[in-house]
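Student: Quick one: this structure, given as structure tokens, is what I'll be asking you about.
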Amino acid sequence: QLFSGELDVQRDGITGSSTATLTARAAWEYKVSADTVLGYFIGGEFADSIIGGKFQGVQTRSAVSSGGYAMRQLYRKLYLDGFLSFGMGWNDLEMANDILAVESNYVTNTVALGGAFSGAYENNRYELRPELAFSYGKTWIGVVDFTGRAYGQIDTTLTSDIGNESVANLTLRPELILALDASTIADSQSQLSFAPRLFCERKIGKTSISSCGDGVEIGIRSQSEDGLSSLNFRIISDKIYGGNRSSYTLNIDHKF
């Protein structure tokens, strides 16, 4: 049994929007053979967003999710893993410009899936982990009801058919991990990681856009002496869609 908690902060350099997300998850894993592990999980999250652009505002979101995953060792240090998850979210939105202010409460449903092919090469104080990963997520929003305020008047009949939004992502990232407090990766309790990224992304909604970009990940990981608990801090910086996108993640894991 595994419990994990994560704090993730993302910022879009193009629009100036930012989102902070707190996630908690409980998972149960089963070793069904010498080279295959299956697991399932339940989780919850809370997110708070600051929206930039022509309409500025705030959004809060709470959600629950569940799903499953599988990991298989294909050959020695070659691995294949995949996941599938379903979620439901409750959203409170407030936006305004110089003339109009709108607010809404609405529910979304989400499905996400993905997989990765990865390897590992160890050499004393460092380990190289190349990875090719694919992910796809789709959110059903539909027609959203709004309450609008302008010039002292209130209108509760405003609606917007937002429809569905989906994102597909293909990423290549060779990760280099260095031991900080021991002569080998296996004996170290503190590790530093560095991973350049090449990726392509496609967003599909009422209009579709796609772009390829590059970025870098830098992380620090520390684990307890018994190996049951770990703390991981990671910084991600990407260039895509003609601008910069950054993310900061703090993750805590504990095995029971």
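The values are calculated or read from the model by the stated rules, or taken from the named source; none is laboratory data. From a predicted model like this one, the values you see are computed outputs, not experimental measurements. A quick note on method: Cβ atoms are made from the backbone with ideal geometry, for glycine too, and the neighbour counts reach across all protein chains shown. Just so you know, the surface numbers come from the protein's heavy atoms only, side chains and all, with ligands and any DNA or RNA stripped out. Shrake-Rupley method; radii C 1.70, N 1.55, O 1.52, S 1.80 Å.
Student: Would you please name the trypsin sites (Lys or Arg not before Pro) within the range 199-228 that are DSSP coil residues with at most 15 other C-beta atoms within 10 Å of their C-beta?
Tutor: Here the trypsin sites (Lys or Arg not before Pro) that fit, given the DSSP loop and packing criteria, are LYS206.
Student: Give me the accessible area per residue for the chain, probe 1.4 Å, as a whole number in Å².
Tutor: 60
Student: Based on the Cα atoms of the range 40-197, what semi-axes does the equivalent ellipsoid have, where each is the square root of 5 times one gyration tensor eigenvalue, given in whole Å with the largest first?
Tutor: Ellipsoid semi-axes (Å, largest first): 44, 19, 13.
Student: Got a sec to turn the phi values of the range 21-37 into Karplus ³J(HN,Hα) couplings, 6.51 cos²θ - 1.76 cosθ + 1.60 with θ = phi - 60°, whole Hz, x for Gly and Pro?
Tutor: So the J values, rounded to whole Hz, are 10, 10, 10, 10, 8, 10, 10, 10, 10, 9, 8, 8, 7, 5, 10, 9, 10.
Student: Right, another one. Hey, got the dipole for the chain? About the Cα centre, +1 on K and R Cβ, -1 on D and E Cβ, debye to the nearest 20?
Tutor: 600
Student: In what order, largest first, do GLU217, GLU29 sit by accessible area if the probe radius is 1.4 Å?
Tutor: Sorted descending by solvent-accessible area, the residues read GLU29, GLU217.
Student: Which one, THR249, TYR79, TYR106, projects farthest toward the positive side of the charge dipole computed for the chain from Cβ point charges (K/R +1, D/E -1)?
Tutor: Of THR249, TYR79, TYR106, it is TYR79.
Student: Whole number please: convex hull volume per residue of the Cα set in the range 30-130, in Å³?
Tutor: Per residue, the Cα convex hull of the range 30-130 comes to 152 Å³.
Student: So what's the gap between the Cα centers of the range 57-106 and the range 185-232, to the nearest angstrom?
Tutor: 18
Student: Apply the Debye scattering formula to the range 113-256, with a single equal point scatterer on each alpha-carbon and no solvent, then give log10 I(q)/I(0) at q = 0.19 Å⁻¹.
Tutor: Debye intensities relative to I(0), on a log10 scale: -1.18.
Student: Each label point is 7 Å from the Cα along the Cα-to-Cβ direction; what then is the distance between the points at ILE50 and LEU192, in nm?
Tutor: So the two model labels end up 3.1 nm from each other.
Student: Once you compute Rg and the Kirkwood Rh from C-alpha atoms, what is the Rg to Rh ratio for the range 63-107?
Tutor: Using Cα coordinates only, the ratio equals 1.42.
Student: What list of ³J(HN,Hα) values in whole Hz, one per residue of the range 72-88 in order, does the Karplus curve 6.51 cos²θ - 1.76 cosθ + 1.60 (θ = phi - 60°) give from phi, with Gly and Pro shown as x?
Tutor: For the range 72-88, the Karplus-derived couplings read 9, 8, 7, 6, 6, 9, 10, 9, 10, 9, x, 8, 8, 9, 10, x, 9 Hz, x marking Gly and Pro.
Student: Just list whichever of LYS77/LYS255; LYS138/LYS239; LYS54/LYS138; LYS206/LYS239; LYS54/LYS239; LYS203/LYS255 have alpha carbons separated by over 29 Å in the model shown. Mind dumping the intermediate values first?
Tutor: Values: LYS77/LYS255 23 Å; LYS138/LYS239 23 Å; LYS54/LYS138 25 Å; LYS206/LYS239 24 Å; LYS54/LYS239 23 Å; LYS203/LYS255 36 Å.
With Cα atoms farther than 29 Å apart: LYS203/LYS255.
Student: State the percentage of accessible surface on the chain attributable to carbon and sulfur atoms; use a 1.4 Å probe and exclude ligands, DNA and RNA.
Tutor: 59
Student: If packing is taken as the average number of other Cβ atoms within 10 Å across a peptide's residues, how do 110-116, 16-22, 158-164 rank, most packed first?
Tutor: The most tightly packed comes first, giving 110-116, 16-22, 158-164.
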